[in-house]
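Here is the structure we will look at.
The values are calculated or read from the model by the stated rules, or taken from the named source; none is laboratory data. From a predicted model like this one, the values you see are computed outputs, not experimental measurements. So basically every Cβ, Gly included, is an ideal-geometry build from the backbone, and we count neighbours across all protein chains shown. Just the protein is used for accessible areas: all its heavy atoms, side chains included, with ligands, DNA and RNA removed. Shrake-Rupley method; radii C 1.70, N 1.55, O 1.52, S 1.80 Å.
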Amino acid sequence: MSEFLKFEVDLDNFIKNLNTKLDANNEEITKLLKIENKTYTNFVKPLQMMEEYLGHFFTPLSHINSVNNTEETQKVYSDSLPIITEYSTKLSQNIDIYKAYKEIQADEKDALNHEQNRVLELNIQNFELSGANLDEKTKARLQEINIKESELSNNFSQNLLDATNAYEKIIEDEKDVEGLPQSEVQNAKFEEDGKTKYKFTLQMPSYIAYMTYGKNQTIREEIYKAYVSRAPQNGKIIEELLALKDEEAKLLGFKNYASLSLASKMAEDEQSVLKFLNDLLQNSKAQAKEELKEVQELADKPLQSFDSAYYSELLKKKKYEIDEEEYRPYFEQKSVIDGMFTFLNKLFHIEFKKIDEKLWDEKATSYDLYVANKLKARLYLDLEARESKRGGAWMHNFQTHCKDLEGKEQLASAFVVCNFPASSDNNPSLLRHDDVVTLFHEMGHAIHHLLSDVDENEVSGVNGVEWDAVEFPSQFLENFAYEPEVLKLFASHYKTGEIISDEMIQKLVKSKNFLSASAMLRQLEFSLFDFKLHTGVFTEDEVQSLLDEIREQTALIKPPAYNKFQNGFAHIFAGGYSAGYYSYKWAEVLSADALFSVVDEGIFDSKTAQDYLNIVLSGGGSKSMGTFFKELMQRDANPKSLLRLNGIK
Ligand SMILES: [Zn+2]
């Protein structure tokens, strides 16, 4: 019998089978709760495995709905969502389960291993962060707050969307669209009263196009002003949201919302986040000023906020732009995949072997992963774009490494999905370098899941990994796609066989690092603003003062007073990133730091790479990433590594 599940979805009977499964689960939960002497083995483990098996049943549907989307998959998927949500919500609020976990923790803490203790800790924390352990009155208030918060977040997005859609700028003089790429001109073009006109909006592609290529400064300012002054009514919503979040945090026993947010993250406390961000800021500022000077030289008057994208683009064209078409022949899809496997083999001594298996599409392939000649996991690749596939790229885990109720080892499996150009018998799929980076990124997530040695599924592979550390393994691997030693393993011209030159690789790195210090400053502005905002309660005016204060440090061009960026900061007011925006940079530092350790040792003789496999990848979510990182490097992460990766001196 195969170690891996067959990939099957019975769409016709899915809902019926789902309901049967959930009924059985609910019965089982009632039975488990009746056990007199609950232990990890007779209570926690069966609950955990129940969730694992539910995932095995549900994942094929969500996967098929994303990669072979049809009206039928959509219908079954959207019918199943409320059923699953109701089940999980009930489970996450079942106070009897919480009490049982607490008792088992008190009885067995010393007898359990660190993986089992971590399972208990995380589950108990989940219950407590939602207030399940509090008195009824507090619980009721928390629920009110949650409902109000999601209403406000929803209004925030809706206001932003309405304001975005309400605006258009019509340009009648052809001269004002000169210099824009042909495709953008075509998108903007329309006929009215026998005249050709051009319409620009605040939708992302259209807005960016004019700000980047539009040479008429007056029009740029007009569009910019419309963009940064959208949804003024969101100012009051921010005020209300901040007050509610502060109350929520205090009811749950935290000093402020920032502390609540950090409770389940790798970063230890407010001070460490602020110090981290400020260090990066102090070290990037000088170079950002140099970069601005270089851009400024192309303009005849002092740059304003609505000029920087335009002149940056001019500079990029002049000095740093790479021609994708020149690179594509070096990145033929099949050689990239084989090369990536060779690279992983040389780095970690792991092996991928293609297997013959019928999958959901003839372009999808599967591989068995071997470690020291022993079968370890299965990887599914589905890399080419097609109409029925959702856009973008992602990794999705299917089975998780663990020991089941009988103590039998279950192996892991995962999907990596991308949208690369389709190949045909006559035409190979030629990738952009960015696509190669994307593939490495998703593979970083995949091997994090597949190489786990953890026996408890809830903290195995990518399960249980802290939010601000999840991107560490993916960014770590992605960084190698710029290393000459790695690229030269596979980047050869598909017709001539010629290997990519050092000069071409250098250009890729320079282009990646173009204006990197300025970009760093902008990200730090967002991160500092988000984080400090969630340390207290602020009125609309105070929010503005806080932003102005931060900009004293981060904005080299002072934005005009009408810039109300905060009213459009949907990431944190409507996207779940509250007091968490810093996570982007946080994970980047971990990955850059580990990368240079490997590079400086010589990539393919690196001891750190082997340790990374044995500590970080094999440990999954069984310890905090902070602990793993210290075990790996014998020290905390060094922000200087990120500066080095971004070419900031
Ligand atoms: Zn990722």
Accessible surface ranking that places the most exposed of T400, T627 first, with a 1.4 angstrom probe = T627, T400
Counting only C-alpha contacts under 8 Å and six or more residues apart, can you give the relative contact order of the chain as a whole percent?
-> 17
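Suppose a student asked you for the relative contact order of the range 185-229, using Cα pairs under 8 Å spaced at least 6 residues apart; what percent would you report?
24
Tell me, what is the per residue accessible area of the range 453-546 in Å², probe radius 1.4 Å?
Using a 1.4 Å probe on heavy atoms only, each residue of the range 453-546 averages 38 Å².
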Are there GluC sites (Glu not before Pro) in the range 419-481 that DSSP marks as loop and that have at most 13 other Cβ atoms within 10 Å, and which are they?
-> none
Alpha-carbon centroid distance for the pair the range 325-356 / the range 9-33, whole angstrom | 41
In a shell of Cβ-Cβ distance under 11 Å around L375, excluding L375 itself, what net charge do Lys and Arg (+1) and Asp and Glu (-1) give?
-> 0
Straight-distance crosslink candidates among lysines, where the alpha carbon sits under 19 Å from K31 and sequence neighbours closer than 8 are dropped | K21, K45, K90, K99, K102
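May I ask you to list, by number, the DSSP H helices of the chain whose Cα span along the axis is at least 27 Å and whose average Kyte-Doolittle hydropathy reaches 0.0 or more?
583-601
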Give me the net charge of A231's neighbourhood, meaning all other residues with Cβ under 11 Å from the Cβ of A231; Lys, Arg count +1, Asp, Glu -1.
-> +2
Loop-located trypsin sites (Lys or Arg not before Pro) in the range 1-55 whose Cβ has at most 10 other Cβ within 10 Å (DSSP) = K6
In Å, descending, principal axis extents of the Cα set of the chain = 80, 67, 56
Accessible-area order for H56, H114, largest to smallest, probe 1.4 angstrom, reads H114, H56
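Given a Förster distance of 41 angstrom, what is the FRET efficiency for K195 paired with Q304, based on the Cβ-Cβ distance and rounded to 0.05?
Working: r = 31 Å, r/R0 = 0.76.
Efficiency, rounded to the nearest 0.05: 0.85.
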Which of the listed residues, L590, L280, H449, is farthest toward the dipole's positive end in the chain, when Lys, Arg count +1 and Asp, Glu count -1 at the beta-carbon?
-> L280
Backbone N within the range 2-36 under 19 Å of label point (7 Å from E136 Cα along the Cβ vector) | none
Can you pull the one-decimal nm distance between simple spin-label points at S424 and A243, each 7 Å off the Cα toward Cβ?
-> 6.3
Could you tally the net charge around K389, taking each other residue with its Cβ under 11 Å from the Cβ of K389, Lys/Arg +1 and Asp/Glu -1?
-> -1
Any idea what the relative contact order of the range 247-398 is, in percent, if you count C-alpha pairs under 8 Å spaced at least 6 apart?
-> 8
Reduced Cα scattering model of the range 555-649, Debye log10 I(q)/I(0), q = 0.23 Å⁻¹ = -1.19
Q634 paired with N42, simple spin-label distance in nm, labels 7 Å along Cα-to-beta-carbon | 4.8
Among the listed pairs K510/K649; K245/K532; K346/K623; K6/K354; K38/K109; K374/K408, give every one whose C-alpha distance is greater than 20 Å.
-> K346/K623
With a point put 7 Å past each Cα toward its Cβ, work out how far E222 is from K403 in nm, to one decimal.
-> 7.1
How much of E239 can a 1.4 Å solvent probe reach, expressed as accessible area in Å² and rounded to 10?
-> 50
Cross-link partners among lysines for K175, C-alpha distance below 29 Å, same-chain residues fewer than 8 apart left out?
-> K189, K195, K197, K199, K215, K225, K293, K301, K316, K317, K318, K319
Can you work out the PRE-style zone for T496? Point 7 Å along Cα to Cβ, and I want the residues of the range 422-449 with backbone N under 20 Å.
-> 428-433
A chain fully extended from D79 to R522 at 0.36 nm per residue, minus the present Cα-Cα distance, gains in nm 155.3 nm
Mind listing which chymotrypsin sites (Phe, Trp or Tyr not before Pro) in the range 543-649 are in a DSSP loop and have 11 or fewer other Cβ atoms within 10 Å?
-> Y562
Measure out, as a whole number of angstrom, how far apart the alpha-carbon centroids of the range 59-89 and the range 555-627 sit.
-> 31
Using all Cα-Cα distances in the range 367-501, what percent lands in each 10 angstrom bin from 0 up to the longest?
-> 11, 34, 34, 16, 4, 0
